[in-house]
1. Filter the range 70-91 for residues that are closer than 22 Å to ARG112 by Cα and either touching a His at 6+ places or on another chain (Cβ under 6 Å) or of a type in the set (A, V, I, L, M) (or both) and give the result.
2. Collect the residues in the range 239-271 that are small (Gly, Ala, Ser) and in contact with a helix residue (DSSP H, G or I) (Cβ under 7 Å, 6 or more places away or on another chain), keeping them in residue-number order.
3. Considering only residues of the range 93-106 that are polar (S, T, N, Q) and surrounded by fewer than 24 Cβ atoms within 10 Å (Cβ to Cβ), which is nearest to GLY174 (Cα to Cα)?
4. Report, ordered by the first and then the second residue, all pairs with beta carbons closer than 8 Å, sequence separation of six or more or different chains, a first member in the range 236-259 that is on the phi > 0 side of the Ramachandran plot, and a second member that is surrounded by fewer than 22 Cβ atoms within 10 Å (Cβ to Cβ) and modelled with pLDDT under 95.
5. Take the residues of the range 181-214 that are of a type outside the set (Val, Ile, Thr) and under 17 Å from ALA157 (Cα atoms): which is surrounded by the most Cβ atoms within 10 Å (Cβ to Cβ)?
6. Which one is surrounded by the fewest Cβ atoms within 10 Å (Cβ to Cβ) among residues in the range 215-250 that are under 18 Å from MET101 (Cα atoms) and charged (D, E, K, R)?
7. Name the single residue, out of those in the range 251-269 being of a type in the set (D, E, K, R) and assigned to a loop (DSSP other than H, G, I, E, B), that is surrounded by the most Cβ atoms within 10 Å (Cβ to Cβ).
8. Working only within the range 87-107, note down all residues that are in a loop (DSSP other than H, G, I, E, B), among the small types (Gly, Ala, Ser) and in contact with a Ser or Thr (Cβ under 8 Å, 6 or more places away or on another chain).
Amino acid sequence: MRKTRFAVAAMAAAAALTLSACGGGSDGGSTSEGEAEKVRIGIKFDQPGLGFKDGDTYTGFDVEVAKYVANELGYKEDQLEFVESPSANRENMLSTGQVDMIFATYSITDERKEQVSFAGPYFIAGQDLLVPTDSDIGGPEDLEGKKLCSVTGSTSAQKIKDKYPGVELVEQPGYAECVTVMAGGQIDAVTTDDIILAGLAAQPSNAGKFKVVGNTFSEERYGVGLPKDNDTCEDVNAAITKMIEEGAWEEALDTSLEGADFSYNEEVNPPEPDACS
């Protein structure tokens with residue numbers, strides 16, 4: 001594996017710490033005296049089972065994949081800085097250097113590739129619907145004239161706009177807000193990827209209130225967002241492949257979504273990362 005700028009930075013930081021302990025050297029590779037350089041990783045803070053922040057704790061499948069990949073790139077867990085990355089802001093956060101990588105249910109699309117690069121995919125999901133348990137909505141074909149919530153800037157919201165113009169789309173900054181609106185009876189359904197919806201439905205506060213329809217109508221390939229000009233894609237892909245082959249991928253998925261009514265599509269998962277371009 002060739003050295004990436006992330007791995008090089010981590011080794012430089014370690015070298016700087018060693019020099020500091022010996023009473024010499026400069027601050028090269030560290031953000032301040034005695035502090036190793038960090039890698040900034042964009043995740044979601046409001047997606048239980050995928051990317052979720054509870055106090056100072058970060059949990060979920062995206063988080064576990066991020067930790068594994070960062071470790072393969074030479075970073076220890078205490079060098080990871082998790083940054084909230086809302087769907088509508090992800091391209092801008094990468095292009096302006098606010099984050100180094102993004103693991104945030106980030107679907108790989110040709111349109112996004114014009115602005116950023118992707119490693120992966122590391123998971124393939126499908127767009128679905130979350131509805132009240134007594135709802136008779138069985139798929140997108142039942143949404144005509146209904147109120148549907150999704151997140152601003154998401155592929156899920158765009159797909160509804162493009163393919164189901166008869167649906168009244170209500171956009172929110174996060175899916176948790178969508179579920180809150182649905183709990184109040186103001187909308188009929190929430191749409192995003194099945195794995196995200198399963199995590200939301202499994203929350204104790206939502207137990208018994210909602211169900212995932214189980215009728216997917218898209219294929220969402222979750223990639224690792226990277227700046228357009230990067231030298232890390234191949235190493236990130238190698239880390240994802242290793243995680244899958246070692247069984248750590250399956251373990252992370254099972255642990256993160258424990259208790260959720262969810263089974264991933266085994267025909268496409270675990271995926272093989274695309275060639276870097």
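1. Matches in the range 70-91: VAL83, ALA88.
2. If the condition is that a residue be small (Gly, Ala, Ser) and in contact with a helix residue (DSSP H, G or I) (Cβ under 7 Å, 6 or more places away or on another chain), then ALA239, ALA248, ALA252, SER256, ALA260 are the ones that fit.
3. GLN98
4. Qualifying pairs under 8 Å: GLY259/ALA202.
5. LEU197
6. Within the range 215-250, the match that is surrounded by the fewest Cβ atoms within 10 Å (Cβ to Cβ) is ASP229.
7. Among residues in the range 251-269 that are of a type in the set (D, E, K, R) and assigned to a loop (DSSP other than H, G, I, E, B), the one surrounded by the most Cβ atoms within 10 Å (Cβ to Cβ) is ASP261.
8. ALA104 - this is the single residue of the range 87-107 that is in a loop (DSSP other than H, G, I, E, B), among the small types (Gly, Ala, Ser) and in contact with a Ser or Thr (Cβ under 8 Å, 6 or more places away or on another chain).
The values are calculated or read from the model by the stated rules, or taken from the named source; none is laboratory data. None of the values given here were measured: they were computed from a predicted structure. Virtual Cβ from ideal backbone geometry, glycine too; neighbours counted across all protein chains shown.
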